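To keep things clear, I will list the structure first and then write my remarks on it.
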Amino acid sequence: MSAKKLSNPVVAIVGATGAVGVEFLGCLEKRRFPLAELRLFASARSAGKTLEFRGKKLPVRELKEDSFAGVDIALFSAGSSTSKRFAPLAVAAGAVVVDNSSAFRMDAGVPLVIPEINAEAIASHKGIIANPNCSAIIAITPLWPIHRRNPIRRLILSTYQAASGAGAAAMEELRESTRAYLEGRKFTPKVMPHPYAFNVFSHNTKIDPATGYNEEETKVANETRKIFGERDLAIAATCVRVPVLRAHCVAANFECERPITPAEVREILARAPGVRIVDDVERNYFPMPVEASGQDEILVGRIRRDSSDPSGRSIAIFSAGDQLLKGAALNAVQIAERLLA
Ligand SMILES: NC(=O)c1ccc[n+]([C@@H]2O[C@H](COP(=O)([O-])OP(=O)(O)OC[C@H]3O[C@@H](n4cnc5c(N)ncnc54)[C@H](OP(=O)(O)O)[C@@H]3O)[C@@H](O)[C@H]2O)c1
């Protein structure tokens, strides 16, 4: 299966009505993805809805076990349990699955791919290709070209994660709770564990009592090691939610094998795919979620020496990226493009 290239495939989107799902439609349309047919699936709640693609209204159907007959590429974005149940059925029906959930990311036989970093891993797939965690994609796409030039030995990441990373319902909760706060009304959170408006809280995933890290922090570290092919890379992440509607930010401090200057990093990033430097020191103008939203590229700035390391081997940067696009739908569509003949 791995060598098979597809021409004019039938494409299915699973989770088409979700925050990532609708971006899949936008990416396929914007990038003129050559397909014979697009089929949309979601839960029974959405059956009968329509979504627009290339000027036509397409029906959303309830996902069922027999939904994948004739499908060549299935883009999954409907949560881990749906992927675990339905992705093997899609593969058995002959489709290649590009999965956005965390279900298969750390499976040894499943390539975990950011095309700017390890596109060659796609060739080894056995039916499922995993799309990395959104924070991991935003954090490490800019780091890879630096790592190739001067290996990163230690990495500290602090994320500032938007509501969109938790799906459409979390975005609505941020809007609603902000309105309620401003109007002095009581609001009881339903999606997030804490008040979201005008607040910052530790990422809403379980903490591993053995390590003290939450699941998001653990995913970012493990997935980075897998994508970079560096099993022993030293990484510590702190992941938090901020009351931003869309686009994650990441502060990264990294120590390289040899001395490195901010000028060298700037020069590397200026030629890096998928990255745009926004680093205007005079105007104090750096990457911001409002400007990263809707953009394919990850914005990178605040490129400076990490002053906590007198050896000159450490750098600090700050990035912002649209995690519904590069952190999810766009990255998956880029992977699907590599499956084409
Ligand atoms: N948001 C991000 O930035 C991001 C980034 C990377 C990866 N992901 C992953 O992508 C997945 C979806 O995230 P999201 O943010 O788009 O969530 P979302 O806005 O809550 O959307 C979830 C989608 O899944 C569908 N769905 C839920 N249960 C289903 C079922 N049993 N059968 C079929 N479809 C079902 C929903 O359909 P209904 O509308 O009918 O309920 C909806 O289309 C998650 O696995 C998430 O971890 C998200």
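The values are calculated or read from the model by the stated rules, or taken from the named source; none is laboratory data. What you are looking at is a predicted structure, and each value in this text was computed from that prediction instead of being measured. Because the Cβ atoms are built from the backbone with ideal geometry, glycine has one as well, and the counts that use them run over all protein chains shown. For accessibility, only protein heavy atoms count, side chains too; no ligands or nucleic acids. Shrake-Rupley method; radii C 1.70, N 1.55, O 1.52, S 1.80 Å.
Okay, here's what the table says:
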{"read-out": "Residue within region 253-266 that is within 18 Å of the chain's Cα centre (by Cα), modelled with pLDDT of 95 or more, in a loop (DSSP other than H, G, I, E, B) and surrounded by fewer than 20 Cβ atoms within 10 Å (Cβ to Cβ) present", "value": "no"}
{"read-out": "Which numbered condition Gly165 fails, given (1) away from the ligand (no atom under 11 Å from the Cβ); (2) crowded, with 23+ Cβ neighbours inside 10 Å", "value": "(1)"}
{"read-out": "Residue in region 270-292 that is hydroxyl-bearing (Ser, Thr, Tyr) and more than 16 Å from the ligand (Cβ to nearest atom) present", "value": "yes"}
{"read-out": "Of residues in region 147-162 being away from the ligand (no atom under 14 Å from the Cβ) and of a type in the set (A, V, I, L, M, F, W, C), the one most open to solvent (accessible area, probe 1.4 Å)", "value": "Ile156"}
{"read-out": "Residue selected from region 172-204 under the condition more than 24 Å from the chain's Cα centre (by Cα) and closer than 15 Å to Leu245 by Cα, by the criterion surrounded by the most Cβ atoms within 10 Å (Cβ to Cβ)", "value": "Ser177"}
{"read-out": "Test result for Ala251, touching a Phe, Trp or Tyr at 6+ places or on another chain (Cβ under 7 Å) and either under 14 Å from Ile146 (Cα atoms) or more than 16 Å from the ligand (Cβ to nearest atom) (or both)", "value": "yes"}
{"read-out": "Meets criteria (charged (D, E, K, R), out of contact with any helix residue (DSSP H, G or I) (no Cβ under 6 Å at 6 or more places or on another chain) and free of Cβ contacts under 8 Å to residues at least 12 places away in the same chain) for Arg276", "value": "no"}
{"read-out": "Members of region 5-49 that are free of Cβ contacts under 8 Å to residues at least 24 places away in the same chain and either more than 13 Å from the ligand (Cβ to nearest atom) or under 22 Å from the mean Cα position of the chain (by Cα) (or both)", "value": "Lys30, Arg32"}
{"read-out": "Pairs with Cβ under 6 Å, 6+ apart, first in region 59-81 and free of Cβ contacts under 8 Å to residues at least 60 places away in the same chain, second open to solvent by 20 Å² or more (accessible area, probe 1.4 Å) and in a strand (DSSP E or B)", "value": "Pro59/Thr50"}
{"read-out": "Subset of region 311-334 [of a type outside the set (A, V, I, L, M, F, W, C) and within 15 Å of the ligand (Cβ to nearest atom)]", "value": "Gly321, Asp322, Gln323, Lys326, Gly327, Asn331, Gln334"}
{"read-out": "Filter result for the condition that a residue is in a helix (DSSP H, G or I) and touching a helix residue (DSSP H, G or I) at 6+ places or on another chain (Cβ under 8 Å), over Glu23, Glu52", "value": "Glu23"}
{"read-out": "Tally of residues being hydrophobic (A, V, I, L, M, F, W, C) and free of Cβ contacts under 8 Å to residues at least 24 places away in the same chain across region 222-238", "value": "0"}
{"read-out": "Number of the exception - Tyr213 against (1) open to solvent by less than 60 Å² (accessible area, probe 1.4 Å); (2) in contact (Cβ under 8 Å) with a residue 24 or more places away in the chain; (3) touching a strand residue (DSSP E or B) at 6+ places or on another chain (Cβ under 9 Å)", "value": "(1)"}
{"read-out": "Count - residues of region 286-341 that are assigned to a strand (DSSP E or B) and small (Gly, Ala, Ser)", "value": "6"}
